[in-house]
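Visitor: Submitted below is the structure of interest, expressed as structure tokens.
Just so it is clear, none of the values below were taken in a lab; they were calculated from the coordinates. Computed from a predicted structure; not experimentally measured. Note that we place each Cβ from the backbone using ideal geometry, even for glycine, and neighbour counts take in every protein chain shown.
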Amino acid sequence: MPIKLPLLLKILVKPDYLPDLDDSEWDLLVRQARASSLLGQIYYLVMEGGYLESVPERVRHHLQSENRYFEAQKKSVLWEIDNISGTLAHLDTPIILLKGAAYLKRGYSVSRGRIFNDIDILVRQDQLDRIEASLKQKGWLSTHLNDYDQRYYRQWMHEIPPLKHHTRGTVLDIHHTILPLTSSNRPDIMKMFDASEPLVNEVNISVLSKTDMFIHSATHLFHESELSHALRDLVDLRLLAEEQGSELFCNELTNRAKELDLSWPVSYALYYLKTILQYQPAECNHDHFGGKEEKTVPLFLAPLFTRAFMPNHHSCTNFFSPVASWLLYIRGHWLRMPFYLLIPHLVRKALARDKNKKKHGRFFLTNLNKGKDMNKMLGTIGLVVGVAGLLLSLFAGIGRISGSYYLMGFQSMTLLNVGISMMVASCMVKLYSE
Amino acid sequence: MKLADISKTDLSNRLKNEGIRLRIGPFVILLNTRIEALSSALKLLYGESELAIDGGFSDFHISLDAPAGLRGYYRPQVLFYFDGQVPFKPLPITHAFPLFEWGLNWCIAKYVHQYLILHAAVLEKNNRSIIMPGPPGSGKSTLCAALALRGWRLLSDEMALVGLEDLSLTPVTRPVALKNESIDIIQRFESDAVLGPLSYDTSKGTVAHLQPPVDSMSRYLEKSGVSYIVMPRYSPESSNEVREMQQSSMLKELIRNSFNYNILREEGFRTACRLVDACGCFTLDFNNLDDALTSMDRVIHNSVNE
């Protein structure tokens with residue numbers, strides 16, 4: 001599918017165009033960048049190129065406001081990291097900062113203008129209980145209080161339920177590995193621990209090595225089920241690769257990815273850096289993933305990701321976008337959670353119950369056989385309503401989880417409730433018919 | 001060209017298609033809607049606003065529309081779109097105008113940080129400006145409406161935009177939001193007051209907006225210096241009294257009533273300190289509008305203690 005390159009991508013590929021933009025191009029650029037969480041990045045591209053003078057005054061205010069927002073977040077995150085570090089110092093266990101917090105603490109160019117919501121840390125699994133207990137004493141409270149959610153996180157996920165500070169509202173994600181425990185990829189996290197680098201002037205704060213940062217970011221991006229920040233994440237990867245600056249980077253990256261059994265996300269990353277951002281790390285060509293790289297992203301996935309990497313703005317979407325994001329959503333869950341365990345399990349349970357009913361003569365087919373027309377009709381109505389309700393609930397539920405608050409003009413939750421009511425009603429009808 | 005200069009049908013056509021670029025204070029807002037009632041409310045309440053020429057940079061892309069599909073027919077609702085995103089839950093379609101106003105407040109509070117933004121009314125008379133911060137229920141909007149109707153220049157009813165460098169006040173003149181009893185009070189106070197449509201049962205009760213004075217609207221680019229900060233406090237039992245307020249207490253009030261203090265941090269703190277230093281700080285207790293107006297005149301004539 002031919003895609004006209006959106007303005008934001010043109011600028012990310014070639015910031016030299018910035019001083020030539022007219023007012024209406026700026027209008028589009030600011031909107032596309034804001035929707036893709038890349039407005040802060042645009043501010044830095046403008047500053048780096050020395051283009052501020054050429055930016056219309058009105059636009060300058062928006063860029064500078066975004067930067068003020070970023071600076072405020074930076075201060076509070078750095079403060080919060082100090083605080084967490086102090087709270088956990090007596091445990092004498094390394095706290096590895098991940099993603100945004102790590103980039104900030106390292107002062108990498110990727111952190112500039114990058115807005116993020118949660119602080120992510122990685123800790124040793126055997127230290128989780130002590131860490132959680134110490135944080136809870138200092139006012140960090142678990143956000144998911146019901147038993148099911150707690151079990152979901154603790155048994156299946158790569159992190160415990162996020163903690164939230166009860167007065168400041170900061171959210172802290174505590175990971176003990178980098179991918180869900182149920183996912184098909186199970187990289188050896190100890191290798192990442194071993195290569196992590198303590199920060200100078202810090203007691204217990206470390207970060208991943210540069211190479212591992214790239215691999216971690218790529219792994220997350222291509223395991224993600226919600227790709228609303230996909231382009232921002234790809235820009236992160238470019239800046240991380242540029243940060244390496246070494247000609248050996250590609251060699252290191254390839255070997256390390258193999259070692260961690262994470263070659264495919266890295267090769268996907270290199271492929272999309274090249275196709276979307278027209279960026280190729282030094283020496284990353286035919287010897288590495290290059291040459292074969294077109295084959296590394298399966299044919300059916302490639303166009304989906306290409307869509308997902310377009311700016312998250314209505315000027316860049318088409319009829320295919322919602323389909324692509326839905327399919328990627330399913331794919332993300334497929335990688336994270338064993339649907340293939342969950343669905344057979346549910347189906348088996350349902351069938352087992354039907355068998356049971358038949359034995360007791362309560363299954364609706366037995367009623368049909370009795371030839372009671374009224375009951376037959378009621379039974380059929382009940383079945384139709386029940387199935388429709390089930391489908392509606394599924395539709396609304398999936399829609400809501402994938403971020404659509406509104407479906408066909410109704411709130412998703414309203415539709416879900418209607419679906420559930422239909423199922424309840426169908427049960428009543430079927431009970432009556434028997 | 002002003003909004004009022006466009007004919008009713010022309011306006012609703014433009015709102016449905018390319019949109020209008022409305023100048024509101026220092027901002028240009030590209031606005032789209034298919035809702036006729038909103039179109040006429042805009043024509044009434046923003047009639048004196050200038051239109052920017054088509055194309056060019058708009059600060060905020062806003063549209064308000066009914067949700068698509070079946071939901072549009074059953075108890076119709078209105079959604080606020082910020083450049084395609086929906087930041088709020090829908091409201092009944094009769095609340096379209098208040099939703100536009102609240103949505104615009106949200107846009108400014110979220111994306112504009114070149115000013116210290118205070119939740120306050122701003123008015124000016126004889127080149128002396130007053131910032132009136134006040135929590136809901138303090139009578140701020142009612143007093144603001146009364147002052148605007150008695151010849152004060154209205155710079156803002158809701159947000160004071162304070163320049164970080166020069167402490168100048170940038171007008172963002174918009175209709176004054178009146179709630180519940182205030183609507184009747186203002187209608188009794190000035191029978192010529194032009195009010196927009198009533199919206200019942202909003203989260204703030206019944207809401208109506210007062211058309212801003214023509215003169216204030218036409219001076220939308222004219223910044224002003226600041227002289228006084230007055231905290232109004234309405235209570236039916238209180239007497240009318242203007243009292244000087246400690247600078248430190250006023251500083252706390254400003255910070256509490258600021259939308260973006262947490263983002264401006266040190267810069268915001270310094271600006272608020274300088275603002276308090278540069279201004280006379282007062283509290284104004286009042287139980288009726290006429291006496292409150294007299295008190296406000298005494299404030300700007302430096303005759304509070306006489």
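Visitor: Over all distinct alpha-carbon pairs, what is the Kirkwood Rh of region B:51-168 in angstrom?
Guide: On the way: mean 1/r = 0.0602 Å⁻¹.
Computed over Cα pairs of region B:51-168, the Kirkwood hydrodynamic radius comes out at 16.6 Å.
Visitor: Enumerate the aspartates and glutamates that A:Lys164 could reach by cross-link, defined here as Cα to Cα under 18 Å, with residues fewer than 8 away along the same chain left out.
Guide: A:Glu80, A:Asp82, A:Asp118, A:Asp120, A:Asp129, A:Glu132, A:Asp147, A:Asp149, A:Asp173
Visitor: Right, next: With just the Cα atoms of region A:7-334, tell me how far they stretch along each of the three principal axes, in Å, largest first.
Guide: Result, largest extent first: 56, 46, 40 Å.
Visitor: For B:Lys125, which aspartates and glutamates qualify as cross-link partners when the Cα separation must be under 13 Å and same-chain residues fewer than eight apart are set aside?
Guide: The qualifying aspartates and glutamates are B:Asp215, B:Asp297.
Visitor: Any chance you could get the radius of gyration and Dmax over the Cα atoms of region B:3-111, in Å?
Guide: Expressed in Å, the Cα Rg and Dmax of region B:3-111 come to 13.2, 39.
Visitor: Here's a follow-up. Net charge within 11 Å of B:Ala96 by Cβ-Cβ distance, Lys/Arg positive one each and Asp/Glu negative one each, not counting B:Ala96 itself?
Guide: Local charge sum for B:Ala96: -2.
Visitor: How would you rank B:Thr9, B:Thr271, A:Thr93, going from fewest to most other Cβ atoms within 10 Å of each one's own Cβ? Before the final figure, lay out the partial values.
Guide: Numbers: B:Thr9 9, B:Thr271 21, A:Thr93 15.
The order, fewest Cβ neighbours first, is B:Thr9, A:Thr93, B:Thr271.
Visitor: On average, how much area does the Cα convex hull of region A:36-187 cover when viewed from any direction, in nm²? Could the numbers behind the result be given before it?
Guide: Details: hull surface 44.6 nm².
Average of the hull's projected areas for region A:36-187 equals 11.1 nm².
Visitor: With 10 angstrom as the radius, rank B:Glu50, B:Glu244, B:Glu190 by how many other C-beta atoms surround their C-beta, starting from the fewest. Don't jump to the answer; show the numbers that get you there.
Guide: Numbers: B:Glu50 18, B:Glu244 12, B:Glu190 15.
Ascending number of Cβ neighbours within 10 Å: B:Glu244, B:Glu190, B:Glu50.
Visitor: Here's another thing I want to ask about it. How large is ³J(HN,Hα) for each residue in region A:60-75, as worked out from phi by the Karplus curve 6.51 cos²θ - 1.76 cosθ + 1.60 (θ = phi - 60°), to whole Hz, x for Gly and Pro?
Guide: Working through the residues one at a time gives 3, 4, 5, 5, 5, 5, 4, 5, 4, 4, 4, 4, 5, 5, 4, 4 Hz.
Visitor: Moving on. Quick one: what are the phi-derived ³J(HN,Hα) couplings along region B:54-69, Karplus 6.51/-1.76/1.60 with θ = phi - 60°, whole Hz, x for glycine and proline?
Guide: Karplus-based 3J(HN,Hα) across region B:54-69 equals 5, x, x, 8, 10, 5, 9, 9, 10, 9, 10, 8, 6, x, 6, x Hz.
Visitor: Among residues other than A:Ser183 whose Cβ falls under 15 Å from its Cβ, what is the net charge (Lys/Arg +1, Asp/Glu -1)?
Guide: Values: positive: A:Arg186, A:Arg331, A:Arg336; negative: A:Glu159, A:Asp188, A:Glu224, A:Asp261.
Result for the local shell: -1.
Visitor: Moving to a separate point now. Neighbour counts of other C-beta atoms within 10 Å: give me A:Val297, A:Val384 arranged from fewest to most. It would help to have the intermediate numbers written out before the result.
Guide: Working: A:Val297 20, A:Val384 13.
Starting with the residue having the fewest Cβ neighbours, the order is A:Val384, A:Val297.
Visitor: Provide the per-residue ³J(HN,Hα) series for region B:75-85, in order, calculated from phi with Karplus coefficients 6.51, -1.76, 1.60 and θ = phi - 60°, each as a whole number of Hz, with x at glycine and proline positions.
Guide: Calculated HN-Hα couplings, in order: 6, x, 10, 10, 10, 9, 9, 9, 6, x, 8 Hz.
Visitor: Can I ask one more? What percent of all Cα-Cα pairs in the protein assembly as shown falls into each 20 Å bin, going from 0 up to the bin containing the maximum distance?
Guide: Over the protein assembly as shown, the share of Cα pairs per 20 Å bin runs 14, 40, 34, 12, 1 percent.
Visitor: Using all alpha carbons of region B:115-300, what is the percent of pairwise distances in each 10 Å bin, ordered from the shortest bin to the longest?
Guide: Spelled out bin by bin, region B:115-300 gives 10, 39, 37, 13, 1 percent.
Visitor: Please give the calculated 222 nm ellipticity per residue for chain B, where each DSSP H segment of at least 4 residues contributes -39500 (n - 2.57) and the sum is spread over every residue; nearest 500 deg cm²/dmol? Intermediate values should be presented prior to the final figure.
Guide: On the way: 10 runs with 98 residues, N = 306.
That comes out to -9500 deg cm²/dmol.
Visitor: Could you please report the charge total around B:Asn32, scoring K, R as +1 and D, E as -1 over all other residues with beta-carbon less than 12 angstrom from its beta-carbon? Display every interim value, and only then the final one.
Guide: Working: positive: B:Arg14, B:Lys16, B:Arg21, B:Arg34; negative: B:Glu18, B:Asp65, B:Asp83.
Once positives and negatives cancel, what remains is +1.
Visitor: Also: For A:Ile115, enumerate residues with amide H under 5 Å from its amide H, sequence gap 5+ or separate chain, H modeled in the peptide plane.
Guide: Amide H neighbours of A:Ile115: none.
Visitor: Relative to the first principal axis of the alpha-carbon coordinates of chain A, what is the inclination of helix A:39-49, with its axis defined by its Cα atoms, in degrees from 0 to 90 and to the nearest 10?
Guide: So the inclination is approximately 20 degrees.
Visitor: On C-alpha positions alone, give me the angle between the axis of helix B:96-111 and the longest principal axis of chain B, in degrees, nearest 10.
Guide: With both axes taken from Cα atoms, the answer is about 60 degrees.
Visitor: Now a separate question. Output the 0 to 90 degree angle, nearest 10, between the alpha-carbon long axis of helix B:140-149 and the longest principal axis computed from the alpha carbons of chain B.
Guide: Rounded to the nearest ten degrees, it is 90.
Visitor: Would you mind checking B:Lys140/B:Lys252; B:Lys89/B:Lys204; B:Lys110/B:Lys179; B:Lys110/B:Lys140; A:Lys74/A:Lys191; B:Lys16/B:Lys179 for any pair whose Cα atoms are more than 26 angstrom apart? Could the numbers behind the result be given before it?
Guide: Numbers: B:Lys140/B:Lys252 18 Å; B:Lys89/B:Lys204 15 Å; B:Lys110/B:Lys179 24 Å; B:Lys110/B:Lys140 23 Å; A:Lys74/A:Lys191 30 Å; B:Lys16/B:Lys179 30 Å.
Too far apart for the 26 Å limit: A:Lys74/A:Lys191; B:Lys16/B:Lys179.
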